[in-house]
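Please read the structure below before turning to the comments.
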Amino acid sequence: MDKFFSDSELSGIFDKTQNGQRLTFEDGLTLYNSYDINHIGYMANMEREKKNNNNAFYIINRHINHTNICKNRCKFCAFSRDKDEDGSYAMDINEILERAEKVLDDGSTELHIVGGLHPDFKFDYYLTMIGELHNRYPDVHLQAFTAVEIAHLAEIAELSVTDTLKELKNVGLGSMPGGGAEVFSPRLREKLCPEKLSGEGWLNVMREAHNLGLKSNATMLYGHLETGEEIINHMLKLRELQDETNGFMSFIPLAFHPKNTQLSELTKTTGFYDLKMLAIGRLMLDNFDHIKAFWIMLGLKLAQVSLSFGVDDIDGTVSEEKITHSAGADTPESLTVDALVRLIKEAGRDPVERNTLYEIQKRN
Ligand code: V47
Ligand code: SF4
């Protein structure tokens, strides 16, 4: 087998994946430090196939970013504003309902709702938002509020995280998106987002959510100041919690877009590094069913190629996404189903429309 691999250390990892053995921290670092992208991708592709056959998932969804006013002001975020700053906005419930109404036209099965930590909004605003949306569109899944937002809501509601989640679930919260994880390393958090909930805090909120039966996603922001050790440790923390709760649906590595951020001196990620993050995610996170390439951040062309590097999900039509576009993403603001289907078919996969919980809606 050694001749097959240009990087001979990878052959040991290949044997482990063949035998269903779990990869270690050291294996993760070996992958991270390897330039043998073809073989990393080959192994990740095999693992993808074991879990998802030839299916490649997409969803018809809309994003609502209800406010960009945020008290955290993370250094990598081009979306957030202070309250009195030019370009700040905050939607009232009626505006949110107006935007949501479009789900009736486009057949969206999911509303993905995330926003800044507004210093003045009360817990009631969030309960009304979810409650009203759920009453009007009971068949549309509400995937709302990152773990960071939930911790903030618990604070303003003066409730425990569990009780906060229970109240939101009672009015119609369906699941949670994976944002706010960034990289768990305290060193990086101090540099990138010192005001943000800690990595342990993020994991705790997810544990509580999963224990209440709320599923979630998990993300990782890469392409800034991280080391390989920090990336692999992040993945291992997610794997550990998944062993405990099995509440994560997908892992989504997010490529940092530096434009308009406080880190604008950094350069955009490369295709090589993007593919490595996705493939290593697939290999290390052996207990995650789905690895998602968020095409908005990755670009359509690379998202398509990633379907051969461990990815089985390219998210969705994503109408009205603002967070990445504020940071200079040059991808379109949304995509038609036809375009998604064509992209998947040309990669040799079978397009499958899913809902949030990966229940099959349609095979194209
Ligand atoms: O937590 C912020 C990231 C996240 C930038 O769960 C940036 O299905 C790149 O989590 N460049 C929010 N990334 C978005 C998010 C997400 C997106 C799509 C699907 C799902 C899901 C979740 O966006 C933040 C942060 O990590 N982010 N600024 C930036 N300049
Ligand atoms: Fe606020 Fe989220 Fe932007 Fe950080 S990434 S400043 S928490 S909106």
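For ASP86, only one of the following conditions fails: (1) open to solvent by less than 40 Å² (accessible area, probe 1.4 Å); (2) out of contact with any Phe, Trp or Tyr (no Cβ under 7 Å at 6 or more places or on another chain); (3) more than 16 Å from ligand 2 (Cβ to nearest atom). What is its number?
Result: ASP86 passes all but (1).
Quick check on my filter: what residues within region 144-162 are away from ligand 2 (no atom under 16 Å from the Cβ) and either touching a strand residue (DSSP E or B) at 6+ places or on another chain (Cβ under 9 Å) or part of a loop (DSSP other than H, G, I, E, B) (or both)?
GLU158, LEU159, SER160
Quick check on my filter: what residues within region 14-50 are in contact (Cβ under 8 Å) with a residue 24 or more places away in the chain and of a type in the set (Gly, Ala, Ser)?
Of everything in region 14-50, those that are in contact (Cβ under 8 Å) with a residue 24 or more places away in the chain and of a type in the set (Gly, Ala, Ser) turn out to be GLY28, SER34, GLY41, ALA44.
Quick check: anything in region 315-325 within 17 Å of TYR222 (Cα to Cα), hydroxyl-bearing (Ser, Thr, Tyr) and either modelled with pLDDT of 95 or more or in contact with a Ser or Thr (Cβ under 9 Å, 6 or more places away or on another chain) (or both)?
Within region 315-325, one or more residues are within 17 Å of TYR222 (Cα to Cα), hydroxyl-bearing (Ser, Thr, Tyr) and either modelled with pLDDT of 95 or more or in contact with a Ser or Thr (Cβ under 9 Å, 6 or more places away or on another chain) (or both).
Mind checking which pairs have a first residue in region 239-253 that is over 23 Å from PHE309 (Cα atoms) and a second that is near ligand 1 (Cβ under 10 Å from one of its atoms) and among the small types (Gly, Ala, Ser), Cβ under 7 Å, 6 or more apart or different chains?
GLY247/SER216
Would you mind finding the one in LEU127, LEU111 that is open to solvent by 10 Å² or more (accessible area, probe 1.4 Å), hydrophobic (A, V, I, L, M, F, W, C) and touching a residue at least 12 places away in the same chain (Cβ under 8 Å)?
Exactly one residue qualifies, and that residue is LEU127.
So ILE360 fits all but one of (1) in contact with a helix residue (DSSP H, G or I) (Cβ under 6 Å, 6 or more places away or on another chain); (2) over 27 Å from GLY115 (Cβ atoms); (3) open to solvent by 10 Å² or more (accessible area, probe 1.4 Å); (4) aliphatic (A, V, I, L, M); what number is the exception?
The single condition ILE360 does not satisfy is (1).
Which count do you get for residues in region 290-319 that are within 16 Å of ligand 2 (Cβ to nearest atom) and open to solvent by 10 Å² or more (accessible area, probe 1.4 Å)? Can you show your working first?
As a first pass, look at region 290-319 and keep what is within 16 Å of ligand 2 (Cβ to nearest atom): 294, 296-297.
After this cut, where a residue has to be open to solvent by 10 Å² or more (accessible area, probe 1.4 Å) as well, the list is 294, 297.
Of the residues in region 290-319, 2 are within 16 Å of ligand 2 (Cβ to nearest atom) and open to solvent by 10 Å² or more (accessible area, probe 1.4 Å).
Answer yes if at least one residue in region 192-215 is within 25 Å of THR269 (Cα to Cα), away from ligand 2 (no atom under 14 Å from the Cβ) and open to solvent by 10 Å² or more (accessible area, probe 1.4 Å), and no otherwise.
No; the residues of region 192-215 include none that is within 25 Å of THR269 (Cα to Cα), away from ligand 2 (no atom under 14 Å from the Cβ) and open to solvent by 10 Å² or more (accessible area, probe 1.4 Å).
Hey, which of the strands (runs of 3 or more DSSP E) in region 296-364, taking only ones fully inside, have at least 1 residues that are on the phi < 0 side of the Ramachandran plot and away from ligand 1 (no atom under 13 Å from the Cβ)?
Qualifying strands (runs of 3 or more DSSP E): 350-354, 360-363.
The values are calculated or read from the model by the stated rules, or taken from the named source; none is laboratory data. Here the structure is a predicted model, which is why all the values come from computation and not from measurement. Cβ atoms come from the backbone with ideal geometry, glycine included; neighbour counts cover every protein chain shown. Side chains included, ligands, DNA and RNA excluded: accessible areas come from the protein's heavy atoms. Shrake-Rupley method; radii C 1.70, N 1.55, O 1.52, S 1.80 Å.
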